[in-house]
Amino acid sequence: MNIKGAIGATALLAIMSSSLVTVDSGDVAVIYRFGAIDRTLTSGLGIHAPWPIEHHEIVDVSEVRRADPGQIRMLTGDTNLVDIELVIQYSVADPMAYQLGLADGEATLIGVVLSVTKDIIATMTVDSLLTTGRAQLQQDTETAAQRVLDQYATGLRIDAVEVREIRPPPAVLDAFKDVSSARGDQETFALAAEGYASKRLPEVRGMAAERTESAKAYSAGRTAHASGDVARFASLLQAKQAAPESTRTQLWAEAIERVGQTAEVHVLRGETEIVLNK
Amino acid sequence: MRRSLSIGLLAAFALAGSVYTVDAREVAVVLFFGKPVETVTEPGLKMRLPWPLHQVVRFDKRAQLLMVEPAEVLTRDKKNLVVEAFLLWRINDAERFLEAVGDPDVARTQLSDLVVSRIAAALGNRDFSELMTTEDTQVAMLPADLLPGIAAVGSKRLGIEVLDVRLRQIGLPLQNEQSIYERMRAERSRIANAYRSEGEERASAIRAEADRKAAEILAGADKEAMGIRARADGAAAKVYAQAYSEDPEFYLFMRKLQTAETLLDEGSVLVVDSNGPLFDALTGGAK
């Protein structure tokens, strides 16, 4: 009797516990009755008929899930190859459709995203993909992939397709790096030339100033010299007017004396030449 | 008493064996001695005759993904491509599916073969340049009639509905990748050269401009310097002319003396005639 009672109580407890369901916030419990979906329960404590009449399955509708297709090599519109790494973020938008729609949800999602990515990349140039086209690629892929998914009634929503990496294959990476260093060289050449120009011009302006300054110095010297000469002339003229002959002789003699101090003086008598000094 | 109990137990077993459930994700086929008699698509609690009269076979009725193995195809312009297709399909007519293939794995193999041959035929009608182009003329890689064609075969032969056929990836065989790499390298080196020679061009333009400006500055300075000198010379000439006009004869005498003195500097040789006035000066007039 006691044993029977214990068995009965345990069975009752088992039935009770299979009837209770705790749904965390962000989750949805889908209640199946004899295999058919009967209703859903959102957050809180719920109750349903015991197994085998009813059972429940929990679907997390708030979690952002990540699907990672790995690195894929794709052909661009200008027939270059690029290696691309995507991360797809998605979540369950409709728990019932999610339960009934796809047998292989994530793999199908990856297939669809790769398929539309490949189509879009096949219209883009490698240069645009490696630079400004990346954001466009992400956005176009998201839109196109979601449109395809909606046709299948998957219950899935794509939150983001993130292009984590897009680069030329390793075999040609050096050639692409050389282009960026060539772009650097282009800058360097121009900078060096600008450096030359910014050194050359001040130098030349210095030379120009030197030339005009030396002309001004010449000018000043010339003026001073002329007025010195004229002053001397004026005073000698005065002396000459006072005593014309003696002044002339005096001046001539002084000049000859000065010449005699520097130049060699030879005397020519008939055919004979006599050296007087040196 | 004992007999009625065993009859009751038997009845309970029979009843238990006659009740079954069909899940919302399943389709069930009821077989009578191995022959399909009913397809149950609605989920819920169902009745049947007890074993061995009735048997129930279940299939997943959700859309299933079929990844087709990569296959090499040839475009119309004889370019090799490696395509990786996938297919989304679900069981539509469970009885036909059971009769035709019975086993989902067999269905997969048959579908794969069908898809590869249809895609090969479709891409054989396309030029590579149509598939890969940055022009607006790009056509859909797979023709619009590909899916209906495969779907018709699937429905008729396998009892399935084909929801979609897509190319997951389209690539090149390894040996063809090499030639693409060659071209990519050549293209990059052309671009790199263009950058470098543009840089050199710009640099020499900058240098030439600097040199031109320098020449202009120097020429301007020379012109100014010449002007300054010319004005100074002019002013000096005017000053000398003024002096000259006061006593031309004496001025010329002075100028000659000065010239003679300037010319007869160190190292010059002055030759004096013994009959001239200079010799007279040297001898102090004593003949």
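The values are calculated or read from the model by the stated rules, or taken from the named source; none is laboratory data. Just so you know, these numbers come straight off a predicted model, no measurement behind them. Cβ: placed from backbone, ideal geometry, glycine included. Neighbour counts: every protein chain shown.
Listed values, structure above:
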| quantity | calculated |
| --- | --- |
| Residues that are more than 8 Å from every other protein chain (Cβ to nearest Cβ) and touching a Ser or Thr at 6+ places or on another chain (Cβ under 8 Å), drawn from the range B:201-226 | none |
| Identity of the residue in the range B:227-264, more than 26 Å from residue A:220 (Cα to Cα) and acidic (Asp, Glu), that ends up nearest to the other protein chains (Cβ to nearest Cβ) | B:247 |
| Selection status of residue B:151, surrounded by fewer than 20 Cβ atoms within 10 Å (Cβ to Cβ), closer than 23 Å to residue A:109 by Cβ and not charged (D, E, K, R) | yes |
| The range B:72-107, residues that are assigned to a loop (DSSP other than H, G, I, E, B), charged (D, E, K, R) and without any contact (Cβ under 8 Å) to a residue 40 or more places away in the chain | B:78, B:103 |
| Test: residue in the range A:172-185 that is surrounded by fewer than 21 Cβ atoms within 10 Å (Cβ to Cβ), acidic (Asp, Glu), part of a helix (DSSP H, G or I) and touching a Ser or Thr at 6+ places or on another chain (Cβ under 9 Å) | yes |
| Residues that are hydrophobic (A, V, I, L, M, F, W, C), in a strand (DSSP E or B) and closer than 20 Å to residue A:42 by Cβ, drawn from the range A:87-109 | A:92 |
| Residue identified as loosely packed, with under 15 Cβ neighbours inside 10 Å, among the hydrophobic types (A, V, I, L, M, F, W, C) and in contact with a strand residue (DSSP E or B) (Cβ under 9 Å, 6 or more places away or on another chain) among B:33, B:59, B:86 | B:33 |
| Failed item, numbered, when residue A:66 is tested on (1) in contact with a Ser or Thr (Cβ under 9 Å, 6 or more places away or on another chain); (2) at pLDDT 90 or above | (1) |
| Subset tally (residues that are surrounded by fewer than 19 Cβ atoms within 10 Å (Cβ to Cβ) and out of contact with any Leu (no Cβ under 7 Å at 6 or more places or on another chain)) for the range B:121-145 | 16 |
| Hits in the range A:85-96 - residues which are closer than 20 Å to residue A:143 by Cα and either of a type outside the set (Val, Ile, Thr) or within 11 Å of chain B (Cβ to nearest Cβ) (or both) | A:85, A:86, A:89, A:90, A:91, A:93, A:94 |
| Any hit, the range B:196-204, residues being of a type in the set (D, E, K, R) and in contact (Cβ under 8 Å) with a residue 40 or more places away in the chain | no |
| Qualifying residue in the range B:248-265 (condition: of a type in the set (S, T, N, Q), loosely packed, with under 12 Cβ neighbours inside 10 Å, out of contact with any Pro (no Cβ under 9 Å at 6 or more places or on another chain) and in a helix (DSSP H, G or I)) | yes |
| Search result, residues across the range A:35-74 that are more than 19 Å from residue A:90 (Cβ to Cβ), in a loop (DSSP other than H, G, I, E, B) and within 50 Å of the chain's Cα centre (by Cα) | A:42, A:43 |
| Residue in the range A:197-215 that is closer than 30 Å to residue B:241 by Cβ, among the hydrophobic types (A, V, I, L, M, F, W, C), assigned to a helix (DSSP H, G or I) and at the interface with another protein chain (Cβ under 7 Å from one of its Cβ atoms) present | yes |
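Matching residues to (1) under 14 Å from residue B:279 (Cβ atoms); (2) surrounded by 14 or more Cβ atoms within 10 Å (Cβ to Cβ); (3) more than 7 Å from every other protein chain (Cβ to nearest Cβ); (4) touching a residue at least 60 places away in the same chain (Cβ under 8 Å):
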residue: A:230; (1), (2), (3), (4): no, yes, no, no
residue: A:233; (1), (2), (3), (4): no, yes, no, no
residue: A:237; (1), (2), (3), (4): no, yes, no, no
residue: A:240; (1), (2), (3), (4): no, yes, no, no
residue: A:247; (1), (2), (3), (4): no, yes, yes, no
residue: A:251; (1), (2), (3), (4): no, yes, no, no
residue: A:260; (1), (2), (3), (4): yes, yes, yes, no
residue: A:271; (1), (2), (3), (4): no, no, yes, no
